[in-house]
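Shown below is the structure under consideration.
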Amino acid sequence: MQPLTKAFSAMFSRKQEDSSDTRGMPHGSPIASGSQTANGIIRPAYVIERYAAYYPMNHKRRGMALIFSHNKYNVRNVSLPVREGSAIDCKRLKETLELFRFDVKVYPDFKLEEIKSVIGKVSSMDHSDSDCFLVAILTHGEDGGIVYAYDQPYELSLIWSFFTADNCPSLAGRPKIFVIQACRGNQLDHGVKVQKDGVARYSIPTHADFLFAYATIPGFMAFRNTTEGSWFINELCKELQENGHRYDINTLLTFVTQKVAYDHESVSNMPEYNMRKQTPCVVSMLTRLLLFNVV
């Protein structure tokens with residue numbers, strides 16, 4: 001077992017008080033070429049056989065990973081608690097992604113216009129030599145796909161829409177991963193006790209090749225341990241480190257869902273938030289298997 005994995009295991013042997021990420025809770029082989037769009041036709045940066053089972057993961061770079069990590073807020077007419085434990089999530093996720101050769105950039109407590117500026121610049125870059133692309137958003141959230149920047153709320157679609165095949169041709173046909181650690185509503189899960197082109201000669205939809213990994217299902221809270229970080233990010237990093245080169249990403253996320261659902265239960269001095277459960281939610285539009293190869 002790797003040292004970092006051992007550290008994770010030690011962290012989960014201690015029960016600490018849990019918080020939530022809602023404002024409602026108190027306290028084929030690549031062929032190099034430039035991507036471009038002409039007359040509505042996307043010419044991808046590489047070509048894959050139509051029914052290839054796996055995404056090519058042998059480009060010069062793994063790709064960029066952007067982490068928008070929010071701890072403090074100043075939103076007009078909205079009181080948002082400090083996200084205690086968020087810095088741990090950010091550090092752990094950054095270290096894990098770097099193990100997989102991602103070029104990680106961290107943006108702490110950015111305002112909405114700053115986020116849009118970063119996203120706009122990155123989407124206009126040439127990603128022809130990259131395997132994939134990843135964005136992680138660690139923040140407070142609400143129902144309806146709403147998350148918070150430092151100064152105001154925004155819809156998640158504002159971020160991912162920059163990277164559809166028509167808006168970012170150099171990522172056409174490549175996996176685009178979005179990790180969202182945020183509440184998606186105010187409901188609590190009480191649990192139930194049980195007994196034992198990159199494509200040649202065919203077209204692709206502009207919204208293909210996206211993967212969204214949410215900390216929780218729509219309408220429900222996502223928990224974050226105030227001293228050890230969030231359940232979802234912890235288990236995601238652990239699974240990536242232990243099995244990231246063995247299983248494809250959807251299989252890995254199934255195991256993450258299993259660990260969060262079965263191994264975690266909230267601890268709070270407020271009865272309504274004590275002994276509650278959480279289930280991550282994965283929405284995949286991937287058209288191939290995504291496996292991070294060993295390098």
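The values are calculated or read from the model by the stated rules, or taken from the named source; none is laboratory data. Only a predicted model underlies this, so the values are computations on that prediction, with no experimental measurement involved. Cβ atoms come from the backbone with ideal geometry, glycine included; neighbour counts cover every protein chain shown. Side chains are part of the model used for accessible areas, which takes the heavy atoms of the whole protein and leaves out ligands, DNA and RNA. Shrake-Rupley method; radii C 1.70, N 1.55, O 1.52, S 1.80 Å.
Keeping all protein chains in position, work out how much accessible area Val179 exposes to a 1.4 Å probe, and write it in Å² to the nearest 10.
Result for Val179: roughly 10 Å² accessible.
Give me the percent of accessible area attributable to carbon and sulfur for region 54-94, probe 1.4 angstrom.
48
Separate question: Where the centroid of each part is defined by its Cα atoms, how far is region 212-228 from region 112-170 in Å?
19
A further question on this structure: Pairs to check: Lys91/Lys116; Lys121/Lys238; Lys72/Lys121. Give those whose C-alpha atoms are more than 28 Å from each other in this structure. The partial results should precede the final answer.
Values: Lys91/Lys116 23 Å; Lys121/Lys238 31 Å; Lys72/Lys121 25 Å.
Over 28 Å Cα-Cα: Lys121/Lys238.
Here is a follow-up. Using only protein heavy atoms and a 1.4 Å probe, report how much of Glu84 is accessible, in Å² to the nearest 10.
80
Same structure, new question: I want the local charge near Phe210. Using Cβ-Cβ distances under 12 Å, sum +1 for each Lys or Arg and -1 for each Asp or Glu among the other residues.
Net local charge, Phe210 excluded: +1.
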